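Shown next, in structure tokens, is the structure this report addresses.
The values are calculated or read from the model by the stated rules, or taken from the named source; none is laboratory data. What you see is a predicted model, and the numbers here were worked out from it, not measured in a lab. Glycine gets a Cβ as well: all are built from the backbone with ideal geometry, and neighbour counts include every protein chain shown.
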Amino acid sequence: MIERLARRVRLMVARAVVNLVNDAGGLQLLQVSALADETRDDVERAQNYGLTSVPLPGATVVMVAVAGSRDHLVATAVDDPRYRPTGLKAGEVCVYTNEGDRIHLQNGRLVEISTKTLRINADTLIELNTDKLQINAPLTNSSGQLKTAGDITDTAGSNGRTVAGMRAQYNSHTHGGVQTGPGSSGTPNKGM
């Protein structure tokens, strides 16, 4: 009897490998390979609220046998060392995919997003409070208005130009040598 109890305790926590994933229901179900020649179907995967993922075949699983029963397995953690970013500093967090996409929350309150295409869908972007927003990508296919309380600067010319500076220059410019009268033509009748 003690041997039977000891065996159940030893089998309460196990390590396995993901074979298949069923992500159709409320709880994700895994097919896993555990002990030698042991394949288990419909292993429930417990995930943290607000975060979900679909692991690839070959990912590592930690399973718990509820009440020591191998007939009721729950996957409590799934990791994949093939794709996990390494070298993070203490306290940092990174969300990642097998394709190299990253959302890296770094020390110093820096968030770095690395991806091929970044799409933000929002009804309204109310406020962006940040000391610095740096985008190293072309901004294309915008379907909304770009509004800013500050000025917009580009890198044309040695000092860069601002939209407000170009507007001021246009609104105050005159045309010399116009044949309709002496001197300049005056400022434009419509501002930029």
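State all residues of region 23-37 that are without any contact (Cβ under 8 Å) to a residue 12 or more places away in the chain and either among the β-branched types (Val, Ile, Thr) or closer than 20 Å to ARG70 by Cβ (or both); if no residue qualifies, say none.
ALA36, ASP37
For the structure I just gave you, tell me whether VAL61 is in contact with a helix residue (DSSP H, G or I) (Cβ under 9 Å, 6 or more places away or on another chain), in a strand (DSSP E or B) and not hydroxyl-bearing (Ser, Thr, Tyr).
When the stated conditions are applied, VAL61 does not pass them.
Does LEU27 satisfy being surrounded by 12 or more Cβ atoms within 10 Å (Cβ to Cβ) and more than 23 Å from ASN98 (Cβ to Cβ)?
No.
Among the residues of region 17-37, is there at least one that is touching a Leu at 6+ places or on another chain (Cβ under 7 Å) and either among the hydroxyl-bearing types (Ser, Thr, Tyr) or closer than 30 Å to GLN145 by Cα (or both)?
no
For region 57-84, enumerate the residues that are in contact with a Gly (Cβ under 9 Å, 6 or more places away or on another chain) and either surrounded by 13 or more Cβ atoms within 10 Å (Cβ to Cβ) or within 15 Å of LEU30 (Cβ to Cβ) (or both).
Result: ASP80, TYR83.
Condition check: surrounded by 10 or more Cβ atoms within 10 Å (Cβ to Cβ), modelled with pLDDT of 95 or more and farther than 30 Å from GLN28 by Cβ. Does ASN107 satisfy that?
Yes, satisfied.
Here is a list: ASP123, ASP154. Which entry is surrounded by 10 or more Cβ atoms within 10 Å (Cβ to Cβ), modelled with pLDDT under 80 and among the acidic types (Asp, Glu)?
On inspection, the qualifying residue turns out to be ASP154.
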